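Undergrad: Take a look at the following structure, please.
The values are calculated or read from the model by the stated rules, or taken from the named source; none is laboratory data. The shown structure was predicted, so the numbers you read here are calculated from the model rather than taken from an experiment. Glycine also receives a Cβ, built like all others from the backbone with ideal geometry; neighbour counts cover every protein chain displayed. With ligands, DNA and RNA removed, areas are computed over all heavy atoms of the protein, side chains included. Shrake-Rupley method; radii C 1.70, N 1.55, O 1.52, S 1.80 Å.
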Amino acid sequence: MKIIMLGAPGAGKGTQAKMISEKYHLPHISTGDIFRANIKNGTELGKEAKGYMDKGLLVPDELTVRILLDRVAKEDCKNGYILDGFPRNIPQAEVLDKELTRLGDKIDIVIDMEVPDESIIKRMTGRRACTSCGATYHIVNVPPKKEGVCDKCGEELILRDDDREETVKKRLNIYHEQTQPLIKYYQKKGVLKTFDGTKDMMDVFTEITEILA
Ligand code: ADP
Ligand code: AMP
């Protein structure tokens, strides 16, 4: 099963993708996580991506697409995967489709999570991310057991540089301009399923599993 998570930054894509990944034993592929891991490890790719990410801009397609195609070609993806944060514009979606068609394959379902902009801003400024394992929390909605410390691995939790309010607003604009057109794109292909992402995260997950079952 090949799944795409679609939605604004902070809509809950990562939160749901992690739960789907555990239940269905599919790799969770987040281009944002791949970039952040590269930044942490000081790679050339990380250096290049950081400049765009800190400004709330998209990393150029040629870089992002290459990384994504390399990742989905790995052995653990042969039974499917969950894409989180890719594609983020029509050209990226077209490259992915072309590659899947070449392999005689296709995307099975696109999970579109709808959350209004006002709620997104509250979520993102309250999000805390683990610097080591990538787990995410929210200071009000999903607090860790001990403030500032990851429940899963004990490492430090931080506010991402790009989760500050001004940057979030910029990322939302880019979402509306470049990513939202993908809703129509996948609707036309008949694979889009829309979910109300403002609901409790376990309720959203239950609705998703009913569709995937
Ligand atoms: P995305 O991957 O779409 O950027 P995340 O999954 O990281 O979004 O979620 C953004 C923030 O909102 C996180 O702090 C997360 O804990 C919180 N969150 C996720 N889903 C919900 C929900 N259904 N209700 C309330 N808060 C949520
Ligand atoms: P995310 O973790 O999905 O919120 O992504 C964080 C940042 O990484 C984005 O704001 C972009 O700068 C960059 N990024 C992640 N995925 C993509 C993508 N598919 N295309 C371009 N930039 C991306």
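Undergrad: Over the chain, what is the relative contact order in whole percent, taking alpha-carbon pairs under 8 Å and six or more residues apart?
TA: Relative contact order of the chain: 30 percent.
Undergrad: Determine the gain in length on full extension of the stretch Glu156-Asp33; use 0.36 nm per residue of separation and subtract their C-alpha separation, reporting nm with one decimal.
TA: Full extension from Glu156 to Asp33 adds 42.7 nm.
Undergrad: If amide hydrogens are placed 1.01 Å from N in the peptide plane, which non-local residues have theirs closer than 5 Å to the one on Gly85?
TA: Distant-sequence amide H within range of Gly85: Met5.
Undergrad: With a 1.4 Å probe and all protein chains left in place, how much of the accessible area of the chain comes from carbon and sulfur atoms, in whole percent?
TA: Carbon and sulfur atoms account for 51 percent of the accessible area of the chain.
Undergrad: Got a sec? Which residues in region 71-109 would a label at His25 touch, if it sits 7 Å along Cα→Cβ and we count backbone N under 14 Å?
TA: 76-81, by backbone N distance to the label point.
Undergrad: Take every DSSP beta bridge whose two residues both sit in the chain, then give the antiparallel share in percent to the nearest 5.
TA: Counting only bridges with both partners in the chain, antiparallel ones make up about 30 percent.
Undergrad: At 7 Å along Cα-to-Cβ for each site, give me the label-to-label distance between Val149 and Glu94 in nm.
TA: In this crude label model, Val149 to Glu94 measures out at 5.1 nm.
Undergrad: Can you work out the accessible area per residue across the chain, with the rest of the protein chains kept in place, probe 1.4 Å, in square angstrom?
TA: 53
Undergrad: To the nearest 0.05, how large is the calculated FRET efficiency for Thr194 and Lys169 if R₀ is 25 Å and r is the Cβ-Cβ distance?
TA: On the way: r = 24 Å, r/R0 = 0.96.
That pair, Thr194 with Lys169, gives E of 0.55.
Undergrad: Determine the order of Ile174, Ile82 by accessible area, beginning with the largest, at a probe radius of 1.4 Å. Spell out each step's value before the answer.
TA: Values: Ile174 25, Ile82 0 Å².
Correct descending sequence by accessible area is Ile174, Ile82.
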